[in-house]
Amino acid sequence: MNTLTTRATEAADRRWPGAVVSAPSALPGGVSSLTYRATLTRPGLPDSEIVLKMAPPGLEPVRNRDVLRQARIIRLLDGAPGVRVPSILFDEDGTAERPPLFAMTLVDGQSYEPLLDVADSPPSPGAVTARARAAARMLGRMQNLDPVALGVGDEPVVTVQEELGRWQRLLDTVDDDIAPRHAELHAALAERVPAPVAPTLLHGDYRLANMLFSGKDLAAIIDWEIWSVGDPRTDLAWLLMHTDPAHRFRRSRPAADVAAGTGMPSRGELLAAYRAERDVPIADLDWFLAYGHYKTASTMSVFVKRNRRRSDPEPGLVVAAESLAEVVERGLAVLGAPAVP
């Protein structure tokens, strides 16, 4: 922790001579980077709370651990019309032994997935409705941005075939009983891969839990670990899938959280909100919904596999394992019967 504080202070001092970063405390979050809340002191300015993100020590800072790549897209989006992200304050390059890091403004707000999470103070159903619609509208505005004009025209376009292969390779590493019939779902998807459309920026995990909301207002999109450039329907379908997710991490939730979830709009309502900002033809959306279930089965299966090996399995992943068969079945059902009007 002292090393982090020293390095962050050195980086801040290069931008604001005399600046000091202090009092870092770990924040809960993902596994691909270390995240801290800290205080930034600058001469002549009030102290401010910031967020520090650092790649895990001892591992090459590549792919989802490439925190500077995350900082790059946040910096490019900061100020984009209608898109809200934190502001990057400073960054520092590094290696596996001295991991890269960056700092961004701390955005106040609640991160909450209405049909999955539990919170001390869940939002009202009306707030959930407003939040989901705001997320759909902001996705439309973000996908209206031209990748070249945004500054990511040099990024390779990730095709849906490549993504499908990625999740298949993950599922090939788990026992067949973890996600029954996943091979059938893959075969059904592979048989009817949709024709590509013009690529856009993709968040990669675009859902309400990866946003911060102040009341009903979307304050910032966060967690950019797996952003890419690719088919816009993948992010759209991922958001729509979370209006009725088949996976779960709890057998039951408190009444206040259940009530919050009743405010989640239908897929048709969210699609209308998205199209109010981005009125483009959207073909084969059901294929992308089924693909979303396949991706869910793949990513969750790996965590379930690891959880099985633990002497003290995490209860949430035990419950998740129980839902994986339904996740795959939902994907197969979507391909057979359209799920979006």
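A single entry from 113, 184 fulfils the requirement of being within 27 Å of residue 306 (Cβ to Cβ), in contact (Cβ under 8 Å) with a residue 12 or more places away in the chain and in contact with a His (Cβ under 9 Å, 6 or more places away or on another chain): 113. For residue 276, the conditions (1) loosely packed, with under 14 Cβ neighbours inside 10 Å; (2) part of a loop (DSSP other than H, G, I, E, B) all hold with the exception of (2). Residue pairs whose Cβ atoms lie under 7 Å apart, separated by 6 or more positions or on different chains, with the first residue in the range 116-138 and touching a residue at least 40 places away in the same chain (Cβ under 8 Å) and more than 10 Å from residue 270 (Cα to Cα) and the second of a type in the set (D, E, K, R) and surrounded by fewer than 18 Cβ atoms within 10 Å (Cβ to Cβ), are 116/248; 118/250; 127/216; 130/216; 131/216.
Taking the range 198-213 as the range and being over 25 Å from residue 108 (Cα atoms) and without any contact (Cβ under 8 Å) to a residue 40 or more places away in the chain as the test, only 198 passes. Restricting attention to the range 146-193, the residues that are among the aliphatic types (A, V, I, L, M) and more than 16 Å from residue 228 (Cα to Cα) total 12. Whether a residue is surrounded by fewer than 18 Cβ atoms within 10 Å (Cβ to Cβ), touching a helix residue (DSSP H, G or I) at 6+ places or on another chain (Cβ under 8 Å), touching a residue at least 24 places away in the same chain (Cβ under 8 Å) and farther than 30 Å from residue 88 by Cα was assessed, and residue 330 does not pass this test.
In the range 75-117, of all residues being in contact with a helix residue (DSSP H, G or I) (Cβ under 9 Å, 6 or more places away or on another chain), of a type in the set (Asp, Glu) and outside any strand (DSSP E or B), the one that is nearest to residue 15 (Cα to Cα) corresponds to 93. Checking each residue in the range 279-295 for being surrounded by 21 or more Cβ atoms within 10 Å (Cβ to Cβ) and out of contact with any Pro (no Cβ under 8 Å at 6 or more places or on another chain) picks out 289, 290, 291, 292, 293, 294, 295. Only a single item in (1) in contact with a Pro (Cβ under 7 Å, 6 or more places away or on another chain); (2) surrounded by 19 or more Cβ atoms within 10 Å (Cβ to Cβ); (3) closer than 27 Å to residue 250 by Cα is not met by residue 118, and it is number (2). Of everything in the range 43-84 that is among the basic types (Lys, Arg) and crowded, with 17+ Cβ neighbours inside 10 Å, the residue that is nearest to residue 218 (Cα to Cα) is 84.
Exactly one residue out of 283, 325 is more than 26 Å from residue 212 (Cα to Cα) and part of a loop (DSSP other than H, G, I, E, B), and it is 283. Within the range 6-21, the set of residues being more than 31 Å from the chain's Cα centre (by Cα), more than 10 Å from residue 40 (Cα to Cα) and surrounded by 15 or more Cβ atoms within 10 Å (Cβ to Cβ) comprises 13, 16.
Determine, yes or no, whether residue 193 is surrounded by fewer than 23 Cβ atoms within 10 Å (Cβ to Cβ), farther than 27 Å from residue 70 by Cβ and modelled with pLDDT of 95 or more. Spelling it out, residue 193 is indeed surrounded by fewer than 23 Cβ atoms within 10 Å (Cβ to Cβ), farther than 27 Å from residue 70 by Cβ and modelled with pLDDT of 95 or more. Residues that are of a type in the set (Lys, Arg), more than 29 Å from residue 106 (Cα to Cα), exposed (fewer than 15 other Cβ atoms within 10 Å of the Cβ) and assigned by TED's automatic domain parsing to the domain that holds residue 303 do not occur anywhere in the range 232-240. When we screen 246, 198, 149 for residues that are of a type in the set (A, V, I, L, M, F, W, C), under 19 Å from the mean Cα position of the chain (by Cα), at pLDDT 95 or above and not assigned by TED's automatic domain parsing to the domain that holds residue 77, the only hit is 246. Filtered by the rule that a residue be assigned to a loop (DSSP other than H, G, I, E, B) and touching a Phe, Trp or Tyr at 6+ places or on another chain (Cβ under 7 Å), the range 1-42 gives 27, 42.
The values are calculated or read from the model by the stated rules, or taken from the named source; none is laboratory data. Here the structure is a predicted model, which means the values were calculated and not measured. Heads up, the Cβs are rebuilt from the backbone with ideal geometry, glycines too, and the neighbour counts pull from every protein chain shown.
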